[in-house]
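Input: a single structure, listed below in structure tokens.
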Amino acid sequence: MLFDAKDLDSCVAELSFNMTMQPPTWQKAQRNGLSLQGEDIFKSLYALAKSGHVSMKIVQNNTNVETELLQSVGVEVGTPDFQHLLHAGILHTKMWVADNTHLYIGSGNFDWRSYTQTLETGVLIEDCPCLGEDAAKIFEVYWYLRKPDSKIPESWPSNLSTSINVSNPIEISYNGTKGQVFISSSPPAFSPMGRTGDIDAIVHVIRSAKEFIYISVMDYLPQIIYSHPQDYWPVIDDELRKAAFNSGVKVYLLASHWKHTIIDMYAFLRSLDQLHTTKLHTVDIYVKLFTVPADESQEKIPYARVNHNKYMVTDQHAYIGTSNWSGDYFKYTAGVGFILKQDDKKDSNLRQQLVQLFLRDWNSKYSESIYFY
């Protein structure tokens, strides 16, 4: 489990796209031990809630059997109605907050497949009340909207505002290195005073890069794809092109190839990659697709065997988020991002670890140029 139950004093708060820690119909997966980590986490949550030792709240995108079981032992569960609130979008945040002191933000759903069957990246922050309390404010926004008849207020309560943002990050220490951190949020309607929007954080990280930008994300489409009108949405795409073309920044983008790849993504990625073929201007921008290999039994597991990452790392920043990169996720969908500025090159720092993680995947045999697809 992320946080040892015996170390918790008061509460655990979770934000989840879905919770599927136990695969009821996949007995073969259970026999092979593929779901054991997810099952162990669920059992720990259930035992912790049943003990009455701590209070626990969960905000989820949809109702499901597992959260109903947790409710039966005292867990409070909320399910915001995004169609009612915004007429679009979903809850896509994946975040844990414990005692307003420890937190986790990452790409993985609370799903057994996220621990053994998909490629994920997250960040765990311990013993940091300033950041824990700030993350808890994001949770409280969703909790405020948890009921079916909830409405987004014209002005959010002042106790949910923050002073920690892109203009005023907090100082942290990690493995003997220092950095500046803030948490971003989407959609804009869910961001109280002072909160940096997720898309604004991404643009800031891109514009701040001096040498390179490495991106690993499942979906990349400069358009609205899940609601109508399906408008062109070039915010990130334009920034990457300008960074490579105008500033000479090296841009490597690693997207995902799997059973559910959105076919239009290929055209957009080829367009981006095509810039490096210009003759009169040197543009160092390349796109690859990552394929997670699968054997015969793994092929049968639905929605698995995919690079599910949502992170970016540059020579200045690390960004770890919960959103895919299309317009829907930043306009209508609930998500968060962890942004760390750390411009030294010590191997022990988090940003440099993310560089090494990206280059491992980029240079692996599982990554191929977009033109192979």
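A few comments on the model shown:
- Rounded to the nearest 500, the helix-only mean residue ellipticity at 222 nm of the chain stands at -8000 deg cm²/dmol, with each DSSP H run of n ≥ 4 adding -39,500 (n - 2.57).
- Loop-resident trypsin sites (Lys or Arg not before Pro) (DSSP state other than H, G, I, E or B) in segment 238-338 with no more than 16 further Cβ atoms inside 10 Å of their Cβ: K259, K279, K300.
- For segment 286-373, the square roots of the Cα gyration tensor eigenvalues, ordered a ≥ b ≥ c, give a/c of at least 1.5 with a/b no greater than b/c, which places it in the oblate category.
- Listed residues A98, F190, V12: farthest to the positive end of the dipole of the chain (Cβ charges): F190
- Put a plus charge on the Cβ of each Lys and Arg, a minus charge on the Cβ of each Asp and Glu, and nothing anywhere else: the dipole of segment 259-323 about its Cα centre is then about 100 debye.
- Lysine pair count for segment 64-202 with Cα-Cα distance under 24 Å and sequence separation of 8 or more or different chains is 5.
- For the chain, built as a Gaussian network whose Cα springs stay under 10 Å, the top-fluctuating residue of Y286, Y142, Y303: Y303
- Reference-scaled alpha-carbon Rg (2.2 N^0.38 Å with N residues) for segment 42-88: 1.31
- Beta bridges by DSSP in segment 213-368, antiparallel share as percent, to the nearest 5: 55
- For the chain, with +1 on Lys and Arg beta carbons and -1 on Asp and Glu, the positive-most of L221, V65, F139 along the dipole: L221
- Note on Y303 and Q71: the extension gain reaches 80.9 nm, defined as 0.36 nm multiplied by sequence separation minus the Cα-Cα distance.
- For the chain, the longest site-free run once GluC sites (Glu not before Pro) in DSSP loop states with at most 16 other Cβ atoms within 10 Å are removed: 212-373
- K50 paired with N64, simple spin-label distance in nm, labels 7 Å along Cα-to-beta-carbon: 2.0
- Screening the chain for whole DSSP H helices with an alpha carbon extent of at least 27 angstrom along the helix axis and a mean Kyte-Doolittle hydropathy of at least 1.6 yields nothing.
- P(r) tail for segment 98-221: Cα pairs beyond 26 Å make up 30% of the total.
- DSSP-defined antiparallel bridges as percent of all bridges, the chain, nearest 5: 60
- Compared with the alpha-carbon gap, the fully stretched path from L359 to D40 is longer by 111.7 nm at 0.36 nm per residue.
- Whether segment 152-267 is rounded, prolate or oblate, judged on the alpha carbon gyration tensor where a/c under 1.5 counts as rounded: oblate
- Listed residues I152, I206, I41, most fluctuating in the chain (Gaussian network, C-alpha, under 10 Å): I152
- Three-way shape label, segment 214-373, alpha-carbon gyration tensor, a/c 1.5: rounded
- A crude spin-label estimate for the pair R270 and D347, with each label 7 Å from Cα along the Cβ direction, gives 4.1 nm.
- Across H308, H260, H317, mean-square fluctuation computed from a Gaussian network of the chain (C-alpha pairs under 10 Å connected) peaks at H260.
- Each semi-axis of the equivalent ellipsoid for the chain is √(5λ) with λ an eigenvalue of the Cα gyration tensor; in descending order they amount to 32, 25, 21 Å.
- Positive dipole terminus of the chain, leading residue within Q37, G321, S271 (C-beta point charges): S271
- √(5λ) per eigenvalue of the Cα gyration tensor, segment 152-194, largest first, Å: 27, 10, 7
Each value in this text was obtained by applying a stated rule to the coordinates, not by laboratory testing. Note that this is a predicted model, so its numbers are computed, not measured. Cβ atoms come from the backbone with ideal geometry, glycine included; neighbour counts cover every protein chain shown.
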